[in-house]
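The values are calculated or read from the model by the stated rules, or taken from the named source; none is laboratory data. What you are looking at is a predicted structure, and each value in this text was computed from that prediction instead of being measured. All Cβ positions, even for glycine, are placed from backbone atoms using ideal geometry, and neighbour counts span all protein chains on display.
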């Protein structure tokens, strides 16, 4: 279970988050929604331990994330796969090598890597592009490599921070379909987005932020701000 308990984050007295509280159950698909600057990315950064809250507590299973020392973060992050808007692929590595890198960091043996990487690339529809470099891939293909990298270790949670922000409509929906499929396989999915159409079409739980405050938390949520 993921718990945000009265979490606030201030930058020079400006509140990016203000007393935000919610719980996410294992296996849920939850959208964190709102306009740019509402606090969505701050929630993501707090959860993955990139930043610490000014006040409040954040829990994931047995971890109290806000108290984790830097040396404990790698162990904690093994449970999480993260997908970013800007892909964050290693440009000098092929699609295969970018996905394999996530397994190498975990100390997996080469046989496991050779077995798993083609499987996940096939799942995201990129088996034929395994040995292409990022510069040779379209934006949608790059994001699918990033998704494959995030899911290859079968994490408990996938966090996607505006994963469709740089994509055209077709690739946007291809990414959303993949996230839905990952959720069906059992991973909790947290999608941070400002895209109203995605949220309304998904019809899943939506936590709405506005100016750092949680203003709505609804099952079958609709993004109705602005």
Exercise for review: Test residue 145 against the criterion of being under 29 Å from residue 62 (Cβ atoms) and surrounded by 23 or more Cβ atoms within 10 Å (Cβ to Cβ), and give yes or no.
Suggested key: no
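From the list 165, 186, which residue is in a loop (DSSP other than H, G, I, E, B), within 21 Å of residue 23 (Cβ to Cβ) and at pLDDT below 95? So that I can check it myself, show each step before the final result.
Details: 165 fails: within 21 Å of residue 23 (Cβ to Cβ).
Testing whether each residue is in a loop (DSSP other than H, G, I, E, B), within 21 Å of residue 23 (Cβ to Cβ) and at pLDDT below 95 leaves just 186.
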Study note, to complete from the structure: With the first residue restricted to segment 158-169 and required to be buried (at least 18 other Cβ atoms within 10 Å of the Cβ), and the second required to be modelled with pLDDT of 90 or more and in a loop (DSSP other than H, G, I, E, B), Cβ contacts under 8 Å at 6 or more apart or on different chains are 158/187; 159/48; 162/194; 164/195
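Looking at segment 101-122, which of its residues are in contact (Cβ under 8 Å) with a residue 40 or more places away in the chain, part of a helix (DSSP H, G or I) and either within 13 Å of residue 154 (Cα to Cα) or in contact with a helix residue (DSSP H, G or I) (Cβ under 7 Å, 6 or more places away or on another chain) (or both)?
As a first pass, look at segment 101-122 and keep what is in contact (Cβ under 8 Å) with a residue 40 or more places away in the chain: 101-103, 106.
Still in the list and also part of a helix (DSSP H, G or I): 101-103.
Within segment 101-122, 102, 103 qualify.
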Practice item. Residue by residue through segment 53-68, note down the ones that are without any contact (Cβ under 8 Å) to a residue 24 or more places away in the chain and either loosely packed, with under 15 Cβ neighbours inside 10 Å or closer than 23 Å to residue 147 by Cα (or both). Key: 62, 64, 67
Revision key, fill the gap. Across segment 2-40, the tally of residues that are surrounded by 14 or more Cβ atoms within 10 Å (Cβ to Cβ), at positive phi and part of a strand (DSSP E or B) stands at 1
Check your understanding: Can you pull out the residues in segment 124-134 that are part of a helix (DSSP H, G or I) and without any contact (Cβ under 8 Å) to a residue 40 or more places away in the chain?
Key -> 127, 128, 129
Revision key, fill the gap. For segment 201-220 the number of residues that are surrounded by 14 or more Cβ atoms within 10 Å (Cβ to Cβ) and outside any loop (DSSP other than H, G, I, E, B) is 11
Practice item. Answer with yes or no whether residue 89 is part of a helix (DSSP H, G or I) and either touching a helix residue (DSSP H, G or I) at 6+ places or on another chain (Cβ under 7 Å) or touching a residue at least 24 places away in the same chain (Cβ under 8 Å) (or both). Key: no
Review point. Quick one: would you say residue 219 is touching a strand residue (DSSP E or B) at 6+ places or on another chain (Cβ under 7 Å) and on the phi > 0 side of the Ramachandran plot?
Key: no
Exercise for review: Scan segment 69-80 and give yes if some residue there is crowded, with 19+ Cβ neighbours inside 10 Å, touching a helix residue (DSSP H, G or I) at 6+ places or on another chain (Cβ under 7 Å) and not in a loop (DSSP other than H, G, I, E, B), otherwise no.
Suggested key: no
Practice item. Answer yes if at least one residue in segment 135-150 is outside the structural domain of residue 29 (by TED's automatic domain parsing), more than 30 Å from residue 203 (Cβ to Cβ), part of a helix (DSSP H, G or I) and modelled with pLDDT of 95 or more, and no otherwise. Key: yes
